[in-house]
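Engineer: Below are the C-alpha cells for one structure; questions will follow.
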Amino acid sequence: MPELPEVETVARDLRPLVLGATIVRSRCSWARTLRTHDPARFAEAVAGHAIEAVGRRAKLLVIRLSGGLVLTIHLKMTGQLFVVPAAVPEDPYVRLVLELADGREIRFRDIRKFGKVGLYEVDDASGEPLTERGGAAVFGDLGPEPLDEAFTVRAFRRRVRARRGRLKPLLLDQSFLAGVGNIYADEALWAARLHPLRSAVTLRRDDERRLYEAIRAILAEAVERRGSSIDDYTAPDGDGAMQERLQVYQRTGEACPRCGRPIRRIVVGARSTHFCSWCQRLRAADRKAAAAILRGAGGGTGSRTEQTRRAAETRRAAARAAMSAG
Ligand SMILES: [Zn+2]
C-alpha cells in the first residue's frame, strides 16, 4: 500500500499537470469509491471548481479546490491516478473521472476497489477540512508528519514515551506518526537495529535517537527515489525506484546486508514483518510475550516473492499502456 513517499510522489507529479485546471464534470462507475457523497451529489458539488493546490497529509492526497472545498484521495491497495486527454479509451478499472475544462481528464483507476475519495468543506477559522457532519477535522486524529522540520528528536521522544506496546504496531499507528506503513516501518527498525516486537517503554535515549533518524532518513531517500513500486503503485510520471534499496522488506530468506544471516518473516497484527534476528535482538524481558508470534516465523519464500513481484510489474505496465493508448 502506498505510504508517505509514494503519495508524496503522486502529489508532486500531479501538481504541475492540474494546478489551475477547472473541473467541469465527474463520472463515477463505483459508488463506494466516494466516501462522502453519492455520485450525483458529488458531481454537482465539484463542477465548476478550480484546482488551487495539490498536496499530501499522511497517506492521503489532498487537492484544494476553489470555493473552500478539499478533495482527499486514499489510494489504498491498488489506486492509481492518471491525467489523459478525454479521447484516450477508458479501461474497466477506472472508478472515478474528473473531466477538466481543457479537454483532459483525471482518472482514478483502482483494480481492487479499496480506494476512497472524500469531498469536504474547509473550516474558515482553522483552514482545515471538516467532516460532513461538521464535527472533528478530517485530519484531526493524525500524528505529526515525520519529515516536518518541527518534528524534532525531542518531539519524537515525547510521543514514544507516552506510548506502550510494541514498536512495529506503534510505527503503523497513524495517530502516532503520519504516513509510515509496512514497508518503511520494517526498513526503519532494521536500520535502527531494533526488534519489531520490542516494547516501546524499554527504549533507551540512544535507541530513540537511532529510530528517529532511521525513520527520517529512509522516508527522505524514498521520496527522492519516487517511492517503492512494489505491487500496483505507480505515479503519473512513472514508477519509483526505492524498491531496489529496501534491505529487509519482502526479502525473506535472503542474506541480511549487514550480517549475512537470513532475513526472517513473522506476522504482527496481521501484517508481514521482515527483520534480522541477529542484528535486531529481542531483549530477554520481551521474549516470553513474543514467543507465540516468533514460532510462526517463516523461512525462505524467495521464489513466490519473485513471482508476485513480476506479476505486479506486468500490472503496472498494463495500466500505463491503457492510459497512453489512442
Ligand atoms: Zn543482520
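The values are calculated or read from the model by the stated rules, or taken from the named source; none is laboratory data. Every value quoted in this text rests on a predicted model; they were computed, and no experiment measured them. Cβ: placed from backbone, ideal geometry, glycine included. Neighbour counts: every protein chain shown.
Engineer: Hey, among the residues in segment 223-248 that are of a type in the set (Val, Ile, Thr) and under 30 Å from Ile106 (Cβ atoms), which one's farthest from the ligand (Cβ to nearest atom)?
Structural biologist: Thr234
Engineer: For segment 21-108, which strands (runs of 3 or more DSSP E) that fit wholly inside it have 3 or more residues that are farther than 23 Å from Asp231 by Cβ and within 24 Å of the chain's Cα centre (by Cα)?
Structural biologist: Answer list for segment 21-108: 51-57, 60-65, 69-74.
Engineer: Something else: Scan segment 20-37 and report the pairs whose first residue is within 15 Å of Leu71 (Cα to Cα) and buried (at least 20 other Cβ atoms within 10 Å of the Cβ) and whose second residue is at pLDDT 95 or above and among the acidic types (Asp, Glu), with Cβ atoms within less than 9 Å and a gap of 6+ or a chain change.
Structural biologist: Pairs found: Ile23/Glu99; Ser26/Glu99; Cys28/Asp38; Thr33/Asp110.
Engineer: Same structure, new question: For segment 234-271: of the residues being part of a loop (DSSP other than H, G, I, E, B) and of a type in the set (Asp, Glu), which is nearest to Asp13 (Cα to Cα)?
Structural biologist: The extreme case among them is Asp237.
Engineer: Something else about it: Just checking, does segment 249-257 include any residue being within 25 Å of Arg164 (Cβ to Cβ) and either more than 9 Å from the ligand (Cβ to nearest atom) or modelled with pLDDT of 95 or more (or both)?
Structural biologist: Scanning segment 249-257 turns up no residue that is within 25 Å of Arg164 (Cβ to Cβ) and either more than 9 Å from the ligand (Cβ to nearest atom) or modelled with pLDDT of 95 or more (or both).
Engineer: Determine which single condition Ala270 fails, assuming it passes every other condition in (1) more than 16 Å from the ligand (Cβ to nearest atom); (2) crowded, with 20+ Cβ neighbours inside 10 Å.
Structural biologist: (2)
Engineer: If you don't mind, there's one more thing I want to ask. In the list Arg158, Arg193, Arg209, which residue meets the criterion of being surrounded by fewer than 22 Cβ atoms within 10 Å (Cβ to Cβ), outside any helix (DSSP H, G or I) and out of contact with any Asp or Glu (no Cβ under 7 Å at 6 or more places or on another chain)?
Structural biologist: Answer to the check: Arg193.
Engineer: Next up: Given the residues Arg281, Arg265, Arg261, which is the only one that is within 18 Å of Ala185 (Cα to Cα), surrounded by fewer than 17 Cβ atoms within 10 Å (Cβ to Cβ) and within 16 Å of the ligand (Cβ to nearest atom)?
Structural biologist: From the options Arg281, Arg265, Arg261, the qualifying one is Arg281.
Engineer: Given (1) surrounded by 19 or more Cβ atoms within 10 Å (Cβ to Cβ); (2) assigned to a helix (DSSP H, G or I), where does Leu177 come up short, assuming only one miss?
Structural biologist: (2)
Engineer: Checking the conditions here, which among Thr22, Thr9 is of a type in the set (Val, Ile, Thr) and farther than 30 Å from Val180 by Cβ?
Structural biologist: Every option except Thr22 fails the conditions.
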